Every structure is written in structure tokens, then in C-alpha cells.
Amino acid sequence: MKNGTVDLHIKDGRQEAEKVRTPFLEFWRKFKKQRIAMIAAFFIGFLFIVALLGPFIAPYSAVEPDYENILSSPSMQHLAGTDAFGRDIFSRIIEGTRISLFVGLSSVFFSAVLGTILGLVSGYYGGWLDNMIMRICDVLFAFPGILLAIGIIAILGPGLGNVVIAVAIFGIPTFARIVRSSTLSIKETLYVESARSVGASAKRIIFKHIFPSTLSSIIVYFTMRIGTAILTAASLSFLGLGAQPPSPEWGAMLSAGRDFLNTAPHVTFFPGLSIFITVLAFNLLGDGLRDALDPKMKD
Amino acid sequence: MSNRLLEISNLKTYFFVDNQQIPAVNGVDLFINEGETLGIVGESGCGKSVTSLSIMGLLGHTPGKVVDGSIRFKDSDLLTLPEDKMRKIRGNEIAMIFQEPMTSLNPVYKIGQQIGEAVRLHLKYDKKKTREHVINMLKLVGIPRAEEIIDEFPHQLSGGMRQRVMIAMAMSCNPTLLIADEPTTALDVTIQAQILEIMKKVKQEKGTAMMLITHDLGVVAEMCDRIVVMYAGKVVEEADVFELFENPKHPYTKGLLNSVPKLGLKSERLTSIPGNVPTPANMPKGCKFAPRCIEVMEICKTEDPELSQISNGHQCRCFLYEDEFVKEAK
């Protein structure tokens, strides 16, 4: 009889072990229910493939002028028409994808890394360190985002690399604040206390116990931020502070096309549309991630 | 007298809130011998938990601060020990079990990783050895199918199981002192008994001394060798477990014992101690218990009694027994 019960236990255990709900599986289960976010995710995945393959799938060169075909309307040869130098806009958009995604991802990555470290340190230690970091963030917040970026570019000089730095810098304070606020609540939890009671060091507690729990808000904001970063980078290029003319950056293309807005609207329409859809996709994905990662949202 | 493991003398831990000094622990003296179980009993807010946090040096993230006294553990004073030395003691020499098993495990790590943390920090075992050790610890605290539980997440376990995991975690480095802060309060009564049984078993097997903080006198009677009764940040009575239950002296201890229902006795209503614990911010001037005491005298309202010995090992802080106190030979 006793043996029988023991066996049953083991059997139950195996069945349970097969469907262990790891936090990731739990997230996936919630995420895949959200149609729009899934579509956005697929679209972003598609963008990445386009960005990687860029020159190989573009039907024409992105920089070679073709004076036979100046400002021609969309047709079967040129799906999105050509610009003032006869360059195929569709090909330029494809090659520009790489630039926009690179700028968006790298600048947000830098702000996320720096902002997270600052937020963790500031939230965990508190005191004067916290005060100092948060006041610096307040100062950065006081500038309108784009103005700050323009200011930074004015110091560093125009160019895509500097755009990345500028966009990264003005993303830092938001990350720092988000991470700091979750750190403040997590450091009071009993499991942090119990980690301390087994002799874990401050560094260990911050990075192994507090950081993983802040990760979900970081991921959500990271995704949403990429959209904004792409938009800001495009605006800076539009103003002539970022990518310089021959480059097929979307913002620079908009800028080059604005002289022909009346006669050849397709020159600005398609790059504009690309920016719009890309930013929208990142925002929708961010929304979906938030709903899936927020423990308060019950399905 | 057997070997003193921990000796706290005149510990004062104050909280500094809004420019006010709030004495949470106000001159506590107590000691624990090797392998002994000391129960600390008292109402909520009497300074039991703050005492244990002071021992562990975990007040850093509260507004609390130890302002006076000493805590001797083995050969060192824990209050003056630098943080890196203190870290080696935490978990390794003194371990702690918390009240809330539901929230004291980090939800993002598997059971094995959490127990293993202390093992790898202090015993410096490699991955494989840590895993074996953790499985053995889980088996020791009576967790069935330990090999599978080790890879599960805290949310997959029940409260009782989690508390077992916490015990396994606390005991994993063979500490010489285990501080258990109300380890069974959050659990079902049936589970409580099991957990206490496990703690007893583990303690016997490893010869660990234990400081059991609780307000449950039943738990105390079951587990402890000696009891310290605390009231408003002070020790009001200290005695052997049998002595205390047989012959309680302090009116507060009597009140506590009377407020426990007794089987078989067909008594009227359950007695209770009138009033509430005075808030630390506005303590009465004399004896802290005077406003609630049924045997209160004039002197109690103006003067605070000293903790004095009544018989061997039995101390009490009350003017009622002034004649009985064993005069200290000086």
C-alpha cells in the first residue's frame, strides 16, 4: 500500500515536470494571444531580415544616379518611383532600413545599459548618491528631447555616430527613473532581505536579485523607446544634423524630397511611410509586451 | 555553565524617524548557549524582530540604528565587525528564517539556485557538488521528490513546502545559530506542526543553537529550552521553559499564559490583557507595563524596575518581587 502511494507520487511529479511553467513560457502564452503585437513582431522580424540582406535584395543601387529617370512616378520598374537624381526610392528605403534600425537599436541599447546601472545604484543605495543622480536626470528632463539632441550634435558635430550618442544620452534619464522606481520597491521585498541574510554582497543583490525583476519594465520601455529613437534620428537627419545627403537614411530622404513635395510627392511619401510603419510597429510591440509582462494583467 | 554562543548585553536599537528617536529595543540582555533553543516571546511591536535584525546586522536598510550595547558571537563583537566579515558570518555562522515563506523566495530563480547561492558563497562548492548538497538538504527537510523540486520555481510550491525550502536554505551551510522569526505564523496549523517537527529534527542532527521568535506560547512550550519574555523593547522575564510555565512571575507573563485557552478546563471567558502595547514614541514614565498591569502599585508609575534574579536562572523585571530577589553579592 505504501509503495503504491509513493509510485503515484513519482508519476504525478513526472507529469508536472513536463509542463513546468517557466516565466518565459508564461510570458509567451500571454503574448501570443495578442494578435496585433504578434503582427508587429513579425513585421519587425521582417525588417531585420531586410536590414541584413539590404544590398542583396535591393533591385537597384541606392547611390548611383540615373539621369534618364529623374523624379519618375511609381511604376513596375521603380516600385516607389525615383528621386531627383533618378535613384530608385524603393532600393534606397531597403538600404535605409539598416541605418534606421542600427541607430534605433544602438542608441537605445546605450541608454538602457547606462540608465539601468544608474537606476539600480541610485535606488539601492539611496542617500546623496540617489539625490545627485536624480537631480542630473531632472536637468536632462528639463530640455525638450529634440533640443537636447540638437545641442549635443552642436557640440559633437553632425554625423550618424553623433546622432546615436545624442539620442542615447537623452534616453538615459527615463531608463534611470524607471529602474530606480522598481528597485525601490524590490529592495524592500523579503527575498532581497533573505538574500542579504545568507551573506550576499550588495553587488550580488543588485545584479542577481534586483535586476532580473526590473527586466520586464526595461524590456517594455526598450521596445517603445526604439520607435522614438528612430523618429528622433530621422528628425535630426531631416534637419541636416545626422546622416548626410547621399546616404539613404529615411529622414535625409524626406529632407531631400521636400523641394518636390508638390510635383513629386512620392519622393517624400514612401520614406515617410516607412518611418511611420516602423515606429508604429515598435510601439505596438511594446504595448503587447507590457500586457504580457505585467503580472497585474489577468487574462 | 555550558559554552556561550551569543551574548547580547544592553542592546539599544533606536529608530530615527522624522527627527524623533524611537527606542524599539531598549537595553536587552540575553544569551544563547551552544545547541540551545531560546524562545523570545512578546506581542507585536515589542522589539523581537528588531533584536534579530540587529544581530544579523541587517538594519542598514531601515531607519534603525544600534546606539548602544554589544553583541558577542563566539569571539567577536558583531556590532563592530566590518561589513565584509559580517557577510561571511551571515548564512554561514548565523542563518535566518523569515516569517513569510510566500515572499521570501525570489520568484525568478529555481529552488536549487536559491539554496545553492549560500552554499556556493560560503562553502565554495562547484556546480555538481552544490547540486548534490542541495538535494540532500531538501531531503533532510522532508521534501518529496527533491531531484525534481530543485528545478522548480517558488510559485509551484505550497506555503509549507516553501518554508521547508527556507529551512533547507538556512541550514545549508551548517550554521551554529539559527534565528527563526515567527517561522510558523503564516502557515496552517497542521503544517505548523510538521515544520516545527522538521526544525527540531534538523536542529538535533546538526547541533545548531536556535533563537525562536514567536508570539505563540504553544510553539515555545514545544520547542524551547529557555524563554525570554519581551515587552516594549525590554526583557521582562527570563526563565527555563518549565519554570516559566509552572511559576510565571511577571504580571505580563501571567497575562500571556492566561490568554491561552486550556483544554478540559471549563473556564468562563478567556482572559486578556487590557489595553495595547504603548507606542514607542510615547512610553509611560515608570514601568512600561504599568498602565496595563492588574497588580500595579504606586512605585510602578514613577520608577522603572530592574531585571533581577528570583531564583537560579529565573529573572524578572517587577517591583512585586522586591523581597524575593536574590541580592547580588558585591
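Structure data summary
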{"item": "Residue in the stretch B:211-222 that is in contact (Cβ under 8 Å) with a residue 24 or more places away in the chain and closer than 22 Å to B:ARG120 by Cα present", "result": "no"}
{"item": "Single condition B:GLY142 does not satisfy, out of (1) surrounded by fewer than 20 Cβ atoms within 10 Å (Cβ to Cβ); (2) under 23 Å from the mean Cα position of the chain (by Cα); (3) closer than 15 Å to B:LYS200 by Cα", "result": "(2)"}
{"item": "Residues that are without any contact (Cβ under 8 Å) to a residue 40 or more places away in the chain and either part of a helix (DSSP H, G or I) or buried (at least 21 other Cβ atoms within 10 Å of the Cβ) (or both), drawn from the stretch A:270-296", "result": "A:GLY272, A:LEU273, A:PHE276"}
{"item": "Residue in the stretch B:101-108 that is modelled with pLDDT of 85 or more, of a type in the set (A, V, I, L, M, F, W, C), surrounded by 19 or more Cβ atoms within 10 Å (Cβ to Cβ) and within 27 Å of B:ASP188 (Cα to Cα) present", "result": "yes"}
{"item": "Residues of the stretch B:149-185 classified as within 23 Å of B:GLU43 (Cα to Cα), within 11 Å of chain A (Cβ to nearest Cβ) and assigned to a loop (DSSP other than H, G, I, E, B), total", "result": "0"}
{"item": "Restricting the stretch B:310-330 to residues that are modelled with pLDDT of 85 or more and out of contact with any Pro (no Cβ under 8 Å at 6 or more places or on another chain), the residue that is surrounded by the most Cβ atoms within 10 Å (Cβ to Cβ)", "result": "B:CYS316"}
{"item": "Number of positions in the stretch B:6-51 that are over 21 Å from B:GLU222 (Cα atoms) and either out of contact with any strand residue (DSSP E or B) (no Cβ under 7 Å at 6 or more places or on another chain) or touching a residue at least 24 places away in the same chain (Cβ under 8 Å) (or both)", "result": "28"}
{"item": "For B:ALA186: the one exception among (1) in contact with a strand residue (DSSP E or B) (Cβ under 7 Å, 6 or more places away or on another chain); (2) at pLDDT below 85", "result": "(1)"}
{"item": "A:GLY161 being surrounded by fewer than 20 Cβ atoms within 10 Å (Cβ to Cβ) and away from chain B (no Cβ under 14 Å)", "result": "yes"}
{"item": "Yes/no for A:ALA243 being part of a helix (DSSP H, G or I) and buried (at least 24 other Cβ atoms within 10 Å of the Cβ)", "result": "no"}
{"item": "Segments classed as strands (runs of 3 or more DSSP E), wholly inside the stretch B:9-99, with at least 2 members that are in contact with a Lys or Arg (Cβ under 7 Å, 6 or more places away or on another chain) and away from chain A (no Cβ under 11 Å)", "result": "B:20-33, B:37-41, B:64-73"}
{"item": "Filtered residues of the stretch A:126-159 (kept if of a type in the set (Phe, Trp, Tyr) and touching a residue at least 12 places away in the same chain (Cβ under 8 Å))", "result": "A:PHE141, A:PHE143"}
{"item": "Residue among B:LYS124, B:LYS129 that is of a type outside the set (Phe, Trp, Tyr), within 13 Å of chain A (Cβ to nearest Cβ) and over 25 Å from B:VAL66 (Cβ atoms)", "result": "B:LYS124"}
{"item": "All positions within the stretch A:53-71 that are in a helix (DSSP H, G or I), surrounded by 12 or more Cβ atoms within 10 Å (Cβ to Cβ) and in contact (Cβ under 8 Å) with a residue 40 or more places away in the chain", "result": "A:GLY54"}
{"item": "Whichever residue in the stretch B:1-20 is surrounded by fewer than 17 Cβ atoms within 10 Å (Cβ to Cβ) and touching a Pro at 6+ places or on another chain (Cβ under 9 Å) and, among such residues, is modelled with the highest pLDDT", "result": "B:PHE16"}
{"item": "Test result for A:THR214, in contact with a Gly (Cβ under 6 Å, 6 or more places away or on another chain) and more than 7 Å from chain B (Cβ to nearest Cβ)", "result": "no"}
{"item": "A:SER194 being surrounded by fewer than 15 Cβ atoms within 10 Å (Cβ to Cβ), within 14 Å of chain B (Cβ to nearest Cβ) and assigned to a helix (DSSP H, G or I)", "result": "no"}
{"item": "Tally, over the stretch B:64-92, of residues that are in contact with a Phe, Trp or Tyr (Cβ under 8 Å, 6 or more places away or on another chain) and surrounded by fewer than 19 Cβ atoms within 10 Å (Cβ to Cβ)", "result": "2"}
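The values are calculated or read from the model by the stated rules, or taken from the named source; none is laboratory data. The structure presented is a predicted model; accordingly, all values stated were derived computationally and were not measured. A quick note on method: Cβ atoms are made from the backbone with ideal geometry, for glycine too, and the neighbour counts reach across all protein chains shown.
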